[in-house]
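A quick write-up on the structure given underneath.
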Amino acid sequence: MVVCSLSEGAAASAHEGVLVSGSLGSRCLVSLVVLALLPSAVHAAPAQPGSSASSESQSSSQTASRPEHIAIDTSHAQNLVIPRLSHGPALEDFLSMKPEGEAALGMAKVEHFLQREPHDGEPVTKPTEVYLGYDNKNLYAVFVCHDDPAKIRAHETRREDFEGDDAVEIMLDTFHDRRRAYVFQVNPKGVQYDAIWTEASYSEQTNGNFDASFDTLWYSRGKITPQGYVVWIAIPFRSLRFPSDQDQTWGVVLLREITRENEKAFWPRVAINQEGRLGQAGIAKGMRGISPGRNIQLIPYGLLNSFHSVDDRDPTQAHFQNRDIGGTFGLDGKMILNDSLVIDVTANPDFSQVESDEPQVTVNQRYEVFFPEKRPFFIENADYFRTPIDLFFTRRIVNPTGGIRLTGKAGPYSLGILSSDDRAPGLTVAPNDPRFKSRDYFTIARVSRDIFKQSSIGAIYTDWEYPAADRVNLDHSVDFNRIGGIDSRLKFSPSLSATLQGVVSSSSFGGNYFAGPAYKADLLYTGTHLFHEGTYNDVSTGFTTVPGFVNRVDIREYREDTSYLFRPKSGPVVSWGPELLGHWTWDHTGLRLDTDYYPSLAVVLKRQTRITMVPYEELRERLRPDKDYFVPPGNDRLNVDFHEHASGITVSSAPISQLTVGAYYFWGNAINFLPGSAGGFHTPYLARYDQASGVATLRPFTSLKIDNTYLFSRLRTRESNANIFNNHIIRSKWNWQLNRELSLRVILQYSATLTQNRPGDPLNAYPLTFLPTSKNFNADFLITYLVHPGTALYVGYNSNLQNLDPALAIDPTLGGIRRSDRMINDGRLFFVKASYLFRF
């Protein structure tokens, strides 16, 4: 995320903040020499709107002087008229908790906020007013929030990292299609969060309706006062996309969050018994003669680095490789077409400064574990490619040389096209391998059309090609995977919606051809008390997706989630109620594979406290030979059916502003998918399991945030209670915002899988599991200096230790580098990255 501070008077309060965000979706860096030589070649960051430096006189035909603010009756109507201002207001115009000065008095006033949570439809508990206006360049919103300043939750954090703070938010549906909106949120210190809200949230793997990868240039200030706090927002029109009409009509939603009370209050009312927000948005008119204008961004970057690592591309000749100093450069670019379409390009992208993945348990998992995308180029505007079946998982593109993407809206049509290569296939094999330096190619195309009020119909096509496969395939064929299909979202009523998709794949791998369809249907009902979702999946045996994330085929599956919430009108309990999750899975012969019944009881209290109890989960899993587990030749090939159960409890709370805690503990039995081989082949077997986690976020002072996580999982034999494995993951992440430009991030993570197996033991000596004992420690340091959006300097260092054999000898039992009783440094990286934003 990119932030920039603006100068403030010497007498500014310690509570006051100023932030400017920047485009992270194209965050790349220029060399230090270029950074030093070029600042005068381009214009500086725009002066802050509303300050004396940026106030410009407007022609009398464009402005009108208003001595008093325009009061909008918002108690019942959802419409408002946003007035044009001669110049932008300043934060100081509202510090008395009422507007003062010409610009402030000329703004439209919005009030009468209504709660969605905890008491749907009741007035906000603390008086809240919002003032709106615009000039030729910016839309302005000023939130005046009354409260006890001693109870306000606010921290001076890095951008988009103020979860748990009080906040205000404006959502702008600039095409007024009730499907997609810009989100601008600010905490009382002025720290920013921006995102894209998508009314239809298809993927189970994403962060709900919000796409936080969106980052653009806008301005915010915040200050805590004796009567509450004030937040000032200025959003440049060139940072938005909207129709080229002379008169604009936008959807607008305003939000205030009071965290300690679990309170979310909206204008207009966003009722909890209706799905989504944009169908309930207010209608903003009055903005006339505005345009994003021409907008071209170029962000070149330069990188200097040195590293020490293990080269194990040829496992028989693993060795250390070193580089004392080296460098590279690349470019990100963005161009706006017709006010509403965006072309993004990236050449030789580098993501050294991107934060590592949050820890997850990956040991003894039956299916691939999903790790969300974090690289800016691939997650920006990802919602344009999202469909009910997850057909584009961008982490399949590991090491691209370049990519190009077109996204945007043209009338009722939403478009998304992306093309990229990937060098990973040729960089992970030995130089003597015929696939060395080869690459594969990804192309994704998606179009959808709005129909009715909030429904849509769309189509998607994905193509993966690996031309270099002809070097190893006996018939010299090229590997490919192509998928095409249609999908639809139908909104029958404010509370009831459905999504549908049908696709078919055509694939060739190693000269073998596969093809098959996949289908998904989902029905969702959202009520004040009752929630229900039913999902049907049908994936044929021949269906394959290389760019997507579908980790199971040959299934017909139905999943159901039903909950009922009681919402007391008073007392410490915000809501409570039971929930039942279940799923039933068969293969295409009609054989039952899995059943799962997962009842729970949840209680939500004030101060962000939640307790969830799972009294008894009952799960059945049937494993089939070769499809679900490997069977060596000469052994019985039998289906194995398991009956499992589990119980557990989850607790989380933010009792004070400086502390957030959480924990869970589950126990029962589970399958050991990685059995040992002592005495011969063993099928997977049932074992006792324990899984626990503890998290604690500390804020000892406003600019320091410390996130601590501990994950533990264990399997034991049911007969003797002997340990099969113990898995531990400990992670501590420190973020220190030294000032508005300078921040320090430190991540320390230790993980260990402990078993009875010793390095060098033969395979037939592994009694309980063939997992070796493994240990890993990683330290990651990053200093960030952000001058203004797109112009940044990063200095980073990463070091990794593993229990590998110092001589990098090969393990004859398991393959790969042999494990050792001691830990060695198997990787170090030091880098310096610099970038500069050119905006035309």
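The values are calculated or read from the model by the stated rules, or taken from the named source; none is laboratory data. Note that the structure is a prediction, hence the values are computed from the model and not measured. All Cβ positions, even for glycine, are placed from backbone atoms using ideal geometry, and neighbour counts span all protein chains on display. Keep in mind that these areas ignore ligands, DNA and RNA; they rest on the heavy atoms of the full protein, side chains included. Shrake-Rupley method; radii C 1.70, N 1.55, O 1.52, S 1.80 Å.
Take the range 275-339, compute every pairwise Cα distance, and split them into 10 Å bins from 0; I just need the percent in each bin.
Using 10 Å bins, I get a P(r) of 14, 17, 20, 16, 14, 14, 5, 0 for the range 275-339.
Just grab the label-to-label distance for R592 and K98, each label 7 Å out from Cα along the Cβ direction, in nm (one decimal).
If labels sit at R592 and K98, their model points lie 7.1 nm apart.
Nothing charged except the Cβ atoms of Lys and Arg (+1) and of Asp and Glu (-1): what's the magnitude of the dipole of the range 350-431 about its Cα centre? Round to the nearest 20 debye.
Here the size comes out at about 220 debye.
Using the structure shown, select from K98/K126; K126/K264; K264/K705 the pairs with a Cα to Cα distance greater than 18 angstrom.
K264/K705
What are the ³J(HN,Hα) couplings of the range 79-88, residue after residue, when phi is run through the Karplus curve with 6.51, -1.76, 1.60 and θ = phi - 60°? Round to Hz, x for glycine and proline.
10, 8, 10, 8, x, 7, 10, 6, 7, x
Which value, in Å² rounded to 10, gives the accessible area of M823 with a 1.4 Å probe and all protein chains present?
About 70 Å², ignoring ligands and nucleic acids.
Using only C-alpha atoms and all pairs of different ones, pull out the Kirkwood radius for the range 384-518 in Å with one decimal. Intermediate values should be presented prior to the final figure.
On the way: mean 1/r = 0.0598 Å⁻¹.
After inverting the pairwise mean of 1/r, the radius is 16.7 Å.
What number, in nm² with one decimal, is the all-direction average of the projected area of the convex hull of the alpha-carbon atoms of the range 305-377?
Numbers: hull surface 35.4 nm².
With the hull built on Cα positions only, its mean projection is 8.9 nm².
Taking the solvent-accessible surface of protein heavy atoms with a 1.4 Å probe, what is the per residue accessible area of the chain in Å²?
Values: 35010 Å² over 840 residues.
Solvent-accessible surface per residue comes out at 42 Å².
May I ask you to work out the translational diffusion coefficient for the range 708-747 at 25 °C, viscosity 0.890 mPa s, via Stokes-Einstein with Rh from the Kirkwood sum over Cα pairs, reported in whole µm²/s? Each step should come with its number before you reach the end.
Values: Rh = 13.2 Å.
The diffusion coefficient I find is 186 µm²/s.
Around S677, which amide H atoms from residues at least 5 apart in sequence, or from another chain, sit under 5 Å from its own amide H, with H modelled in the peptide plane?
Result for S677 returns Y766.
Mind pulling up the Rg/Rh value for the range 698-840? Radius of gyration and Kirkwood radius, both on Cα.
1.14
Would you list F162, F210 from the most to the least accessible area, probe 1.4 Å?
F210, F162
Name the long-range amide H neighbours of E263: under 5 Å, sequence gap of 5 or more, or other chain; modelled H, no Pro or chain starts.
Amide H to amide H, under 5 Å and 5 or more residues apart or across chains, E263 pairs with I258.
Label L530 and L341 with points 7 Å out from Cα along Cα→Cβ: what is the distance between them in nm?
Placing both labels 7 Å beyond Cα along the Cβ direction yields 4.6 nm.
Calculate the translational D of the chain in whole µm² s⁻¹ from Stokes-Einstein, where the hydrodynamic radius comes from the Kirkwood formula applied to all Cα pairs, the temperature is 20 °C and the viscosity 1.002 mPa s.
Value of D from the Cα-based Kirkwood radius: 73 µm²/s.
How much length is gained on full extension from F371 to R758, taking 0.36 nm per residue of separation minus their Cα-Cα distance?
136.3 nm is the gain from fully extending F371 to R758.
Taking the Cα of I457, stepping 7 Å toward and past its beta carbon, and measuring to each backbone N in the range 508-550: which are under 20 Å?
518-523
Solvent-accessible area of L80, probe 1.4 Å, all protein chains present, reported in Å² to the nearest ten, please.
L80 has an accessible surface of roughly 10 Å² with all protein chains in place.
Given an 8 Å cut-off on Cα distances and at least 6 residues of separation, report the relative contact order of the chain as a percent.
11 percent
L601 versus A722, label points 7 Å from Cα toward the beta carbon: distance in nm?
The answer from the label model is 4.0 nm.
Which ³J(HN,Hα) values in Hz, rounded to whole numbers, follow from the phi angles of the range 140-148 under the Karplus curve 6.51 cos²θ - 1.76 cosθ + 1.60, where θ = phi - 60° and Gly and Pro get x?
10, 9, 10, 9, 10, 10, 7, 5, 7
So what is the 222 nm mean residue ellipticity for the chain from helices alone, if each DSSP H run of at least 4 adds -39500 (n - 2.57) and you divide by all residues, rounding to the nearest 500 deg cm²/dmol?
The helix contribution divided over the chain gives -500 deg cm²/dmol.
Taking a ≥ b ≥ c as the square roots of the Cα gyration tensor eigenvalues, with a/c under 1.5 meaning rounded and otherwise prolate when a/b beats b/c, else oblate, which class fits the range 638-745?
Values: a/c = 4.15, a/b = 2.52, b/c = 1.64.
Prolate, because a/c is 1.5 or more and a/b exceeds b/c.
Using 0.36 nm times the number of residues separating M823 and F329, minus their current alpha carbon distance, what extension gain do you get?
Between M823 and F329, full extension yields 174.4 nm more.
Note the full-extension length gain between H645 and S356 as 0.36 nm times their separation in residues minus their Cα-Cα distance, in nm to one decimal.
That works out to 100.7 nm of additional length.
Compute, for the range 263-312, the length of the dipole vector about the Cα centre, with Cβ point charges of +1 (Lys, Arg) and -1 (Asp, Glu) only. Units Debye, rounded to 20.
It comes to approximately 720 debye.
For the chain, give the magnitude of the charge dipole about the Cα centre (Cβ charges: +1 Lys/Arg, -1 Asp/Glu; no others), in debye to the nearest 20.
In debye, rounded to 20, the chain gives about 620.
Per residue, what volume in Å³ does the convex hull of the Cα atoms of the range 540-663 enclose?
Once divided by residue count, the hull of the range 540-663 is 181 Å³.
Roughly speaking, what % of Cα-Cα pairs in the range 251-393 are separated by over 20 Å, rounded to a whole number?
Percentage above 20 Å: 76.
Starting at the first residue of the range 658-663, write each ³J(HN,Hα) from the Karplus equation 6.51 cos²θ - 1.76 cosθ + 1.60 with θ = phi - 60°, in whole Hz, x for Gly and Pro.
Those phi angles translate into 8, 8, 10, 10, x, 7 Hz.
Quick one: with all protein chains in place, what share of the accessible area of the chain is carbon or sulfur, to the nearest percent (1.4 Å probe)? Each step should come with its number before you reach the end.
Working: 20150 of 35010 Å².
Its accessible area is 58 percent carbon and sulfur atoms.
Looking at L95, T562, A722, which one has the Cα that reaches farthest to the positive end of the dipole of the chain (charges on Cβ: Lys, Arg +1; Asp, Glu -1)?
Result: L95.
With a Förster radius of 22 Å, plug the Cβ-Cβ distance of V631 and Y685 into 1/(1 + (r/R0)^6) and report the FRET value to the nearest 0.05.
0.95
Name the residue from G289, W267, G279 whose Cα lies farthest towards the positive end of the charge dipole of the range 255-294, charges +1 on Cβ of Lys and Arg and -1 on Cβ of Asp and Glu.
The one lying farthest along the dipole's positive direction is G289.
Over the alpha carbons of the range 215-281, what is the largest minus smallest coordinate on each principal axis, giving the biggest first in Å?
Over the range 215-281, Cα extents along the principal axes are 42, 34, 22 Å.
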